[in-house]
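**Q** One structure coming up, written as structure tokens, with questions to follow.
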Amino acid sequence: MRIAIRADAAMALGSGHVMRCLALADGLHARGARLTFLCAALAPSLEQLIRAHGHEVIRLPAGPALATEASWPLQAQGADAQACLQALGGSPAWDWLVVDHYGLGPPWETAMRAATHRLLAIDDLARAHDCDVLLDVNHFEHAQARYQGRLPAAAVVLTGPRYALLRPDFESHRRDVQPRSGPVRRLLILLGGMDADNVTGRAIEAIDCLPQARDIDVDVVIGAAHPARALLESLAASRPRLYLHVQSNEIAALCARADLAIGAGGGTTWERCCLGLPTLALCLAPNQREVLAAGAHAGFLYVPDGESIDAATLAVHLQALVDSSALRSLLSRMGMALVDGQGVSRVASLMWRQAVKVRPATASDSGALWAWRNVPRVRLASRDSSPISAESHHAWFTRALAAPDRILLVGERDGKPVGVVRFDLSAQACTEVSIYLMPEDHARGSGSALLAAAEAWLAREHPQAPSLVAHVMGDNTASHQLFERAGYARATTCYSKELPPWNPQTASA
């Protein structure tokens with residue numbers, strides 16, 4: 001798949017939009033997709049990081065200088081859309097376009113449909129969108145209701161921290177951490193890649209006020225473009241237990257070994273929750289206020305009242321957390337229960353799944369299916385591994401199309417064949433399913449996407465046959481893994497699954 005991502009990072013805006021898109025891009029790239037970032041504002045260090053992860057970066061003309069959450073004027077959105085269309089080639093050859101940008105809304109998205117088959121909008125502010133999928137990872141009691149009437153009727157809405165876009169190292173470190181308890185021996189300051197007002201410096205002052213300061217190791221993380229980098233480097237040089245990390249790629253490891261954090265209310269909130277790191281959470285941007293209030297109400301964030309972020313106020317709240325092991329343990333457990341680190345996998349799977357459609361096979365598919373059935377790896381995975389003659393295949397295919405109890409589905413991604421799924425219906429027993437991919441399709445996840453699309457078709461068209469069974473050869477590891485990932489229960493080499501009733505509103509999610 002070819003996927004484009006439109007996101008910016010700047011001193012006032014921060015780097016969170018680009019970083020969460022980079023996590024999603026890495027997850028999609030691991031499945032075989034090719035990613036291109038479209039950026040009008042991007043620090044050189046971030047551009048280098050994106051390229052180092054194997055993705056293309058195309059620079060766009062600068063947009064208007066407005067408040068970080070302000071929607072761009074129509075003319076500016078139109079100009080940006082034209083620049084993006086030119087960069088992407090204009091024709092709808094892109095499988096997905098992902099947009100994570102407060103300045104761009106429905107006018108831009110509608111214009112960009114000329115270049116993409118599907119559009120995913122990432123949002124925090126409950127704005128209107130012309131998109132196929134809406135992703136808002138924030139925790140709200142009635143999260144989906146915030147977008148009611150603001151999206152196309154068929155749009156899929158993904159909400160909540162279970163979709164938080166975290167890098168895979170957070171999931172791996174999560175396996176080794178426990179909910180925090182006991183004294184605070186190591187503290188992490190992580191206030192975003194930009195931190196235009198140098199709240200990091202005030203947090204260091206607040207730690208200096210603690211009676212326990214001499215017994216606490218402090219990790220401080222800043223971006224390469226931090227405005228007070230020289231000052232913070234000087235502070236680190238004068239404090240033997242303060243360690244400064246500039247543009248670190250080890251955020252997950254730093255979170256995993258810390259006992260307490262001082263953090264911003266942006267996307268890093270979900271990183272800390274995933275690893276059970278209790279946090280004194282600070283509102284550093286207007287769009288964080290509502291999210292932090294909801295997190296405090298739900299019990300997974302400690303958020304100070306009021307707007308003041310001076311060192312003395314921070315010290316008071318920090319001392320309260322240091323003195324209460326029970327409170328830190330509660331915050332830790334609540335955070336870990338909320339975020340499991342699988343968000344990228346969930347979103348990437350949905351994008352991959354939506355790109356594959358199935359249709360009943362027709363007589364014109366006979367030649368292609370004969371070639372696919374004779375591919376060596378398909379024959380090896382079959383009960384009878386001998387080659388199939390053209391005559392034998394044609395007779396089988398003719399009977400299969402005519403049989404009322406056999407269904408042949410051809411999977412396609414944007415008009416190009418992906419593979420075949422066969423269902424053998426039975427009034428008394430389970431419906432048997434078999435699947436194989438076409439030889440040219442090596443993209444990771446295509447099998448899962450094809451199987452999911454076929455299951456949805458069966459549930460919709462034949463709701464009387466929800467029980468599925470798949471017979472897999474003992475040494476066919478790929479098929480075993482495919483059916484296990486799809487939720488089939490294994491009994492030796494046989495898999496079974498109960499399909500839920502067809503619901504058009506939830507089928508895509």
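The values are calculated or read from the model by the stated rules, or taken from the named source; none is laboratory data. Predicted, not measured: the structure shown is a model, and the values here were computed from it. In this analysis, Cβ positions are derived from the backbone assuming ideal geometry, glycine residues included, and neighbour counts consider all displayed protein chains.
**Q** Kindly indicate whether any position in the stretch 56-65 is crowded, with 23+ Cβ neighbours inside 10 Å and either assigned by TED's automatic domain parsing to the domain that holds LEU135 or not in a helix (DSSP H, G or I) (or both).
**A** The answer is no, given that none of the residues of the stretch 56-65 is crowded, with 23+ Cβ neighbours inside 10 Å and either assigned by TED's automatic domain parsing to the domain that holds LEU135 or not in a helix (DSSP H, G or I) (or both).
**Q** Right, something else. Starting from the stretch 209-225, take each residue that is assigned to a helix (DSSP H, G or I) and list its partners that are not polar (S, T, N, Q), counting only C-beta distances under 8 angstrom and pairs at least six apart or across chains.
**A** From residues that are assigned to a helix (DSSP H, G or I), the pairs are ALA213/ILE207; ARG214/ARG241; ASP215/ARG185.
**Q** Moving on. Which of the residues that make up the stretch 32-56 are farther than 19 Å from LEU104 by Cα and β-branched (Val, Ile, Thr)?
**A** Correct list: ILE50 only.
Listed here are the residues, each with its yes/no results for (1) crowded, with 21+ Cβ neighbours inside 10 Å; (2) at negative phi; (3) at pLDDT below 95.
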position	(1), (2), (3)
CYS84	yes, yes, no
GLY89	no, no, yes
ALA93	no, yes, yes
ASP100	yes, yes, no
TRP108	yes, yes, no
HIS117	no, yes, yes
ALA121	yes, yes, no
LEU125	no, yes, yes
ALA128	no, yes, no
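Here is a yes/no grid of residues against (1) more than 24 Å from ALA456 (Cα to Cα); (2) among the basic types (Lys, Arg); (3) touching a residue at least 40 places away in the same chain (Cβ under 8 Å):
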residue: SER349; (1), (2), (3): no, no, yes
residue: HIS394; (1), (2), (3): yes, no, no
residue: PHE397; (1), (2), (3): no, no, no
residue: PRO404; (1), (2), (3): no, no, no
residue: VAL418; (1), (2), (3): no, no, yes
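**Q** Could you list, in sequence order, the residues of the stretch 375-410 that are basic (Lys, Arg) and closer than 26 Å to ASP475 by Cα?
**A** Matches in the stretch 375-410: ARG377, ARG379, ARG383.
**Q** Would you mind finding the one in LEU190, LEU166 that is crowded, with 21+ Cβ neighbours inside 10 Å and under 21 Å from the mean Cα position of the chain (by Cα)? Steps first, please.
**A** Numbers: LEU190 fails: under 21 Å from the mean Cα position of the chain (by Cα).
So the residue among LEU190, LEU166 that is crowded, with 21+ Cβ neighbours inside 10 Å and under 21 Å from the mean Cα position of the chain (by Cα) is LEU166.
**Q** If you don't mind, another one. Name the single residue that is modelled with the lowest pLDDT among those in the stretch 193-226 being surrounded by fewer than 16 Cβ atoms within 10 Å (Cβ to Cβ) and under 28 Å from PRO44 (Cβ atoms).
**A** Here the residue is ALA224.
**Q** Follow-up. In this structure, is LEU231 without any contact (Cβ under 8 Å) to a residue 60 or more places away in the chain and aliphatic (A, V, I, L, M)?
**A** yes
**Q** Tally up the residues in the stretch 328-372 that are touching a strand residue (DSSP E or B) at 6+ places or on another chain (Cβ under 7 Å) and farther than 30 Å from GLU455 by Cα, please.
**A** Residues meeting the conditions: 2.
**Q** Identify the residue in the stretch 130-163 that is charged (D, E, K, R) and free of Cβ contacts under 8 Å to residues at least 40 places away in the same chain and, among all such residues, is surrounded by the fewest Cβ atoms within 10 Å (Cβ to Cβ).
**A** ARG150
**Q** Give ALA311, ALA294 a once-over and let me know the one that is within 18 Å of LEU210 (Cα to Cα) and buried (at least 16 other Cβ atoms within 10 Å of the Cβ).
**A** ALA311
**Q** Now, a different point. Given the conditions (1) modelled with pLDDT under 95; (2) more than 19 Å from LEU49 (Cβ to Cβ); (3) buried (at least 17 other Cβ atoms within 10 Å of the Cβ), report the number of the one that PRO240 does not fulfil.
**A** The failed condition is (3).
**Q** While we're on this one: Only one of these conditions is not met by ALA23: (1) under 20 Å from ALA115 (Cα atoms); (2) at pLDDT 95 or above; (3) of a type outside the set (Lys, Arg); (4) out of contact with any His (no Cβ under 6 Å at 6 or more places or on another chain). Which number is it?
**A** ALA23 satisfies all of (1) under 20 Å from ALA115 (Cα atoms); (2) at pLDDT 95 or above; (3) of a type outside the set (Lys, Arg); (4) out of contact with any His (no Cβ under 6 Å at 6 or more places or on another chain) except (1).
**Q** Here's something else I'd like to know. Are any residues in the stretch 29-49 farther than 24 Å from LEU85 by Cα, crowded, with 17+ Cβ neighbours inside 10 Å and among the hydroxyl-bearing types (Ser, Thr, Tyr), and if so, which ones?
**A** none
**Q** Considering each of GLY193, GLY201 in turn, give the residue that is touching a Ser or Thr at 6+ places or on another chain (Cβ under 6 Å) and small (Gly, Ala, Ser).
**A** Numbers: GLY201 fails: touching a Ser or Thr at 6+ places or on another chain (Cβ under 6 Å).
None of the others qualify; the one that does is GLY193.
**Q** Right, next: Restricting to the stretch 21-41, name every residue that is touching a helix residue (DSSP H, G or I) at 6+ places or on another chain (Cβ under 9 Å) and in a loop (DSSP other than H, G, I, E, B).
**A** Result: ARG31, GLY32, ALA33, ALA40.
**Q** To continue, here is another question. Output the residues belonging to the stretch 42-55 that are closer than 13 Å to GLY193 by Cβ and not in a helix (DSSP H, G or I).
**A** LEU42, ALA43 - these are the residues of the stretch 42-55 that are closer than 13 Å to GLY193 by Cβ and not in a helix (DSSP H, G or I).
**Q** Go through the stretch 343-370 and report how many residues are aliphatic (A, V, I, L, M), more than 26 Å from ALA33 (Cβ to Cβ) and either in contact with a His (Cβ under 7 Å, 6 or more places away or on another chain) or surrounded by 11 or more Cβ atoms within 10 Å (Cβ to Cβ) (or both).
**A** Of the residues in that region, 2 qualify.
**Q** Scan ARG289, ARG377 and give me the residue that is surrounded by fewer than 15 Cβ atoms within 10 Å (Cβ to Cβ), within 21 Å of GLY447 (Cα to Cα) and not hydrophobic (A, V, I, L, M, F, W, C).
**A** The unique qualifying residue is ARG377.
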